[in-house]
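Notes follow once the structure below has been shown.
The values are calculated or read from the model by the stated rules, or taken from the named source; none is laboratory data. All values derive from a computational prediction rather than experimental measurement. Using ideal geometry, Cβ is built from the backbone for each residue, glycine included, and neighbour counts are taken over all protein chains shown.
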Amino acid sequence: MKFAIITHVQHITDKNSYFAYAPYVREMNVWGKHIDEFLIVAPIIQREKTAIDIPYNQKKITFYKIDSISLLGFRAVLNAILKAPKISWQIYKAMFQADHIHLRCPGNIGLLGCLIQILFPNKPKTAKYAGNWDPKANQPWSYRLQKWILDNTFLTRNMQVLVYGEWEGSSKNIKPFFTATYLESDKAPIQLLDLKGKIHFVFVGTLSQGKNPLYAIQLVESLSKKGYNVFLDLYGEGIERKVLESYIVSNSLEKRIVLRGNQNQKLVTEAYQRCHFVLLPSKSEGWPKALAEGMFWGCIPIATPVSCVPFMLDYGERGVLLQMPRELSSNCRHNLEQDVLQLEVLLNDEINFRNRRNKVSNWSRKYTLDVFESEIKKIIKN
């Protein structure tokens with residue numbers, strides 16, 4: 001089977017292999033176990049590999065190189081319009097050659113893929129919508145357009161759209177799904193932790209305003225000021241790094257809060273294993289892998305109620321749903337104080353802490369790569 005992947009994910013070439021963002025490649029490698037050849041339509045960039053770039057396991061790959069495009073700003077839109085015909089032709093060629101078409105959405109390349117797949121109504125297709133499928137979510141017009149096309153059974157046929165969560169009013173195209181990181185064989189016992197000594201928090205994600213790592217830092221800082229022996233490690237890189245470094249230094253937090261940068265999966269897993277809580281005060285999510293991964297190892301999740309996060313946290317029974325405002329306002333300090341109070345309740349209840357650790361681990365361990373692969377095989381066969 002020739003399997004066409006249409007994605008905005010940037011790729012790197014090295015020694016005749018293709019590398020890209022590890023969580024994405026790891027997932028595609030599961031699909032690849034049941035595929036003869038990948039036809040990949042994606043951008044290729046010139047830079048050195050980092051700790052979060054890994055190669056495809058698929059040996060037979062035909063690559064259709066395209067440029068990255070953006071729709072932010074007049075000049076970017078004009079540039080995208082000029083590049084769209086060439087990109088669309090590459091997408092069309094891959095789809096024409098493919099036995100199965102797979103779109104990675106949301107994204108600007110995914111948007112073009114959504115439009116061009118209409119020309120292939122009889123080919124089996126899947127789309128992985130990795131963002132927030134919530135119809136009520138405030139999103140860019142390009143995201144809303146992708147969702148509308150994918151949900152429309154007249155324009156989009158023979159399609160299974162994998163989305164996070166169950167949403168009322170969805171068409172037969174939409175299939176609630178999940179993602180996974182660990183195997184059944186990874187299910188080692190979680191470490192015994194208590195709240196009597198050092199209390200460790202972890203943040204894993206891009207250091208961007210969207211993920212709001214500053215709010216994670218402020219939560220831990222506030223708890224420290226109240227006398228709790230708390231520490232926070234942040235894993236990831238991004239444009240907010242300098243802002244965070246400055247905040248940490250100016251507030252004398254160097255001994256409690258450390259920016260660890262991008263690290264490989266082994267080191268991040270070790271961090272989850274020794275931490276009490278995983279923090280993700282994000283403004284938007286799909287299926288937040290950082291939460292699911294931390295929960296696998298007994299980290300109690302502390303996150304904003306976006307997308308399917310309330311479901312993952314059982315509406316507060318498996319974690320803490322933050323009241324952090326989506327936009328900075330005069331209520332920001334009030335929300336921070338309310339969130340700190342929520343955490344204090346948990347930090348002062350050892351029995352509840354242990355019970356929740358078991359709850360979160362038991363829930364997350366239902367979603368393993370073995371189960372994921374089993375579901376992928378069913379999709380491919382259909």
Exercise. Name the residues in region 245-272 that are assigned to a helix (DSSP H, G or I) and either free of Cβ contacts under 8 Å to residues at least 24 places away in the same chain or surrounded by fewer than 16 Cβ atoms within 10 Å (Cβ to Cβ) (or both), would you?
Worked result: Glu245, Ser246, Val249, Ser250, Lys266, Leu267, Glu270
For this session: Just need a number here: residues in region 195-223 that are farther than 18 Å from Val306 by Cβ and at pLDDT 95 or above.
Result: 13
For this session: Please give the helices (runs of 4 or more DSSP H) falling wholly within region 22-116 in which 2 or more residues are modelled with pLDDT under 95, loosely packed, with under 14 Cβ neighbours inside 10 Å and of a type outside the set (Phe, Trp, Tyr).
Result: 74-97
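Results for (1) touching a Ser or Thr at 6+ places or on another chain (Cβ under 9 Å); (2) surrounded by 13 or more Cβ atoms within 10 Å (Cβ to Cβ); (3) assigned by TED's automatic domain parsing to the domain that holds Glu375, shown as yes or no for each residue.
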| position | (1), (2), (3) |
| --- | --- |
| Asn158 | no, yes, yes |
| Leu162 | yes, yes, yes |
| Asn173 | yes, yes, yes |
| Val204 | no, yes, no |
| Ser208 | no, yes, no |
| Lys211 | yes, yes, no |
| Leu219 | no, yes, no |
| Asp233 | no, yes, no |
For this session: Would you mention how many residues in region 117-141 are assigned to a loop (DSSP other than H, G, I, E, B), under 13 Å from Ile174 (Cα atoms) and in contact with a strand residue (DSSP E or B) (Cβ under 6 Å, 6 or more places away or on another chain)?
Result: 1
Problem set entry | Only one of Leu103, Leu112 that is touching a helix residue (DSSP H, G or I) at 6+ places or on another chain (Cβ under 6 Å) and over 22 Å from Cys308 (Cβ atoms) | Leu112
For this session: Identify all residues within region 171-198 that are in a loop (DSSP other than H, G, I, E, B) and under 17 Å from the mean Cα position of the chain (by Cα); write none if there are none.
Result: Phe178, Thr179, Ala180, Thr181, Tyr182
For this session: Name the one entry in Lys378, Lys366, Lys359 that is outside any helix (DSSP H, G or I) and of a type in the set (D, E, K, R).
Result: Lys366
Exercise. Among (1) surrounded by 14 or more Cβ atoms within 10 Å (Cβ to Cβ); (2) at pLDDT 95 or above, where does Ser185 come up short?
Worked result: (1)
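Consider Glu168 carefully, then state whether it is outside any strand (DSSP E or B), at pLDDT 95 or above, more than 23 Å from His102 (Cα to Cα) and of a type in the set (Asp, Glu).
Considered against the rule, which asks whether it is outside any strand (DSSP E or B), at pLDDT 95 or above, more than 23 Å from His102 (Cα to Cα) and of a type in the set (Asp, Glu), Glu168 comes out as no.
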Exercise. What is the residue count in region 273-300 for residues that are over 15 Å from the mean Cα position of the chain (by Cα) and part of a strand (DSSP E or B)?
Worked result: 2
Exercise. Which one is farthest from the chain's Cα centre (by Cα) among residues in region 1-21 that are crowded, with 18+ Cβ neighbours inside 10 Å and among the small types (Gly, Ala, Ser)?
Worked result: Ala4
